[in-house]
Structure formats: structure tokens, C-alpha cells
1. State the number of residues belonging to the stretch 116-159 that are farther than 24 Å from R226 by Cα, among the hydrophobic types (A, V, I, L, M, F, W, C) and surrounded by fewer than 17 Cβ atoms within 10 Å (Cβ to Cβ).
2. Looking at the stretch 360-372 only, could you name the residues that are surrounded by fewer than 21 Cβ atoms within 10 Å (Cβ to Cβ) and assigned to a strand (DSSP E or B)?
3. Take the stretch 296-332 and flag every residue that is closer than 18 Å to R270 by Cβ and part of a loop (DSSP other than H, G, I, E, B).
4. Can you tell me which residue within the stretch 319-359, out of those that are out of contact with any Phe, Trp or Tyr (no Cβ under 9 Å at 6 or more places or on another chain) and of a type in the set (S, T, Y), is surrounded by the most Cβ atoms within 10 Å (Cβ to Cβ)?
5. Scanning the stretch 45-73 for residues that are at pLDDT 95 or above and of a type in the set (S, T, Y), which turns out surrounded by the most Cβ atoms within 10 Å (Cβ to Cβ)?
6. When you scan the stretch 203-255, how many residues do you find that are among the β-branched types (V, I, T) and within 18 Å of H147 (Cα to Cα)?
7. Within the bounds of the stretch 261-269, is there any residue that is hydroxyl-bearing (S, T, Y), more than 17 Å from the chain's Cα centre (by Cα) and farther than 23 Å from M190 by Cα?
8. Which residue, of E148, E192, is on the phi > 0 side of the Ramachandran plot and of a type in the set (D, E)?
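The values are calculated or read from the model by the stated rules, or taken from the named source; none is laboratory data. Computed from a prediction, not measured in an experiment: that's the story for all the values here. With ideal geometry, Cβ positions are generated from the backbone for all residues, glycine too; neighbour counts draw on all protein chains shown.
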Amino acid sequence: MHKSKVTTSRGATAVWALFCAAAPVQGATGQDGSPGSPSYYVYVAAESEDRVDLIRFDGTVASLVDSVFVGRFPTEIDGPHGLAVDPDGERWYVTLAHGNPFGAVVAYSTATNRPAGSAELGFFPATMQVTPAGLLFAANFNLHGEHEPSSVSVVDVGAMIEVARIPTCTMPHGSRLTSDGSRHYSVCMMDELLVEVDAHRLEVARRFHLAPGAEQPWPHDWMPTRPAGAPVCSPTWAQPSVDGRRVYVACNRNAQVLEIDVESWRLLRRFETGEGPYNLDVTPDGARLVVTYKGGQATGVWDLASGEEVARVPNTRTLPHGIAVSPDSRYAFVSVEGVGGQPGTVDVIDLEEGVRAASVDVGKQAGGIAFWKVEPR
């Protein structure tokens with residue numbers, strides 16, 4: 001079992017799910033599990049196939065339940081990137097990143113996996129999450145053209161209408177909300193910033209500069225510059241703690257996760273991680289932080305009380321991407337992109353044992369992943 005420690009500095013989102021009924025399916029691969037285990041369901045997007053797959057894990061075996069084609073243009077790839085399930089479990093949402101010319105979010109019924117509405121967003125919408133009040137926040141990552149400040153779109157999911165587009169900074173990603181839905185966090189890869197949005201007022205509340213060695217509150221409206229040759233964080237994800245008192249930021253370029261105190265708006269700890277930390281999730285019990293190491297073909301599990309990495313689990317293929325943790329804090333479901341002609345994969349990690357419990361192949365370039373429900377047996 002791999003262990004690492006964090007260094008200090010001077011200077012979960014909660015998971016909502018219902019227990020719903022679904023037909024049992026036959027499995028494919030996995031390890032022995034305890035009898036009477038519940039079944040867990042997650043959705044995962046395959047960006048290179050315009051497809052979203054529904055996966056079931058029964059405590060022993062992970063298997064493919066359904067595949068949904070989500071592309072809108074038969075002659076080109078729309079690139080489904082982000083996934084979210086609303087708090088009542090009745091709908092799931094997918095962002096179509098390569099829009100014409102803009103991107104979109106499309107709602108689907110979890111009962112039928114059929115479309116239930118859509119809304120136009122900004123350029124290359126990526127990660128997203130839905131508040132208990134029914135507002136969806138999607139980061140418009142914007143890979144098109146010159147690097148310029150982009151935005152976070154806010155959609156009323158009842159009407160499927162974009163009600164606000166909040167300017168933030170360049171290439172926003174890692175769109176996550178506090179469990180009460182009052183604050184939204186995202187990071188900007190090209191501006192080295194963490195951005196906090198007031199989810200009630202729909203405006204930027206604060207920014208935090210993430211450049212290594214210069215981490216501090218950023219009270220300006222203008223974007224910081226990157227001196228040539230200076231070390232960079234290149235943030236890819238922002239994840240609030242379950243109680244909303246901390247925010248964790250993945251620094252993809254310098255192999256760290258930063259822990260930032262929300263009240264003082266100061267850096268508390270640095271987690272020295274594996275290569276290329278990319279996506280993060282905090283277990284609903286608040287005990288662990290799960291980190292995909294996109295450059296290291298592994299997923300790290302951190303004990304937040306001790307600041308130690310208690311497990312580093314090899315992934316089945318290269319480029320681990322997204323994470324969805326089960327409501328009981330037992331399993332992490334990790335999407336793995338793969339390369340070339342390889343299929344994508346969902347690896348199921350047992351967080352108590354620190355091992356991979358099961359795997360199942362899905363569509364190519366598996367990315368966005370979202371937890372749907374637990375079905376008791």
C-alpha cells in the first residue's frame with residue numbers, strides 16, 4: 001500500500017441519489033464480493049463515440065446495462081464531455097462540447113434514457129453539476145481559437161433555459177458546488193485561478209491565485225500573467241469538502257493537490273501526488289479524497305485527516321479521467337480514456353481495501369462520469 005504525506009504552507013460535494021428499481025443484468029468481469037451487496041449505477045460518456053453508457057456494479061461484477069447515442073450531427077463527432085444527474089435522480093445531463101458553433105446541454109430521462117430537452121451554452125461546455133434548487137452550472141472550457149476569458153453557464157433545468165452566463169477566466173473546468181448549492185467552484189487552466197461564484201446572486205464572489213509559490217487571494221478583475229519559465233499549477237479541477245469549509249484543487253502540471261480554507265481564503269496544505277492529477281472527488285463521509293493521475297495510469301486515495309495517500313491503485317488502461325463516488329463512500333467509479341483503438345473503461349475501486357474491485361469496457365475516450373443510484377438487494 002503506497003503512502004505519501006502532505007506538506008503545510010504558511011501562506012464533496014455531497015452525492016444525491018434515490019433508491020430506484022431497475023432490471024438485473026448479467027455481468028462481465030470482477031472479483032468476489034460479499035453476498036447481498038446492493039447494486040450501484042453510474043453513467044459514463046464516451047467522447048469519441050457520441051455515446052453515454054449506463055454501468056451496473058453488483059458488488060462483484062461491473063457490466064454494461066445500456067448505451068445511448070447522444071450525437072446530433074451524423075457526419076461529425078459532437079464530443080459528449082460532462083455528465084451530471086439531478087438530485088432527485090429523474091434526469092441525467094450531458095454536455096456536447098463541439099457544437100455548431102456553440103455547445104449544448106441535453107437532458108435525458110433516467111427512466112427511459114430518452115431526450116427530455118436541451119439548452120445552448122458557450123464554446124466547448126465541459127464539466128457541470130446541478131443544485132438542489134434545479135440550477136445547472138456548466139463550465140464553458142472553450143478550446144476554440146485564441147486563449148481568452150470564458151464563462152460558466154447557468155441553466156434552469158425545469159425550463160431548460162440558460163438564465164446566466166458568468167464571465168470567469170480562461171479555460172474554466174472542474175465545475176463543482178457545495179452540498180447546499182450556495183457556492184460554485186471552478187478553475188482556469190490558463191490563468192492559474194480558482195473562482196468562487198455566489199450561486200444565489202449568480203456572480204463571481206472571489207478568486208484565488210494558484211501559481212506555485214505565489215498562492216494567495218486574487219482581488220483583481222484582470223487576469224494574472226505567467227512569467228516565462230515560471231512554474232505553473234495548470235489547474236484542472238476544484239472540489240469542495242462535504243462541509244464546504246475547504247476546496248481542493250488539482251494542479252496538473254506540478255503534481256500537487258492544494259487544500260484551501262474557504263473562511264480565511266488561504267492555502268492550508270499541499271498534497272504531493274502522482275503524475276498529472278486531473279479529477280477529484282471527496283467521499284460523502286468526508287474522510288477521503290480520490291484523485292485520478294492522468295499521467296501515471298493510477299488513482300490515488302488520500303486520508304484527509306492524516307494527510308497520507310493510503311492507496312495508489314493502478315488503472316486498467318492509460319489516461320484515467322473522471323471519478324464518481326458511491327453515496328456509502330465504499331466505491332469510486334473511475335473512467336479511463338484509453339488510447340488509439342482501445343475502448344474506454346470504468347474501473348471500480350474498493351476504497352476500504354484500496355484495490356480495483358471490477359472493470360468493464362465502455363465507449364472510446366471515456367471521460368465524464370456521474371453516479372445515479374443504489375439499488376438495495
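1. Going through the stretch 116-159 one residue at a time, the tally reaches 2.
2. Answer for the stretch 360-372, where residues must be surrounded by fewer than 21 Cβ atoms within 10 Å (Cβ to Cβ) and assigned to a strand (DSSP E or B): just D361.
3. Passing the criteria: G296, L304, A305, S306, G307.
4. Per the stated criteria, the residue is S335.
5. Looking at the filtered set, the residue picked out is S63.
6. Counting residues in the stretch 203-255 that are among the β-branched types (V, I, T) and within 18 Å of H147 (Cα to Cα) gives 3.
7. yes
8. Checking each option against the conditions leaves just E192.
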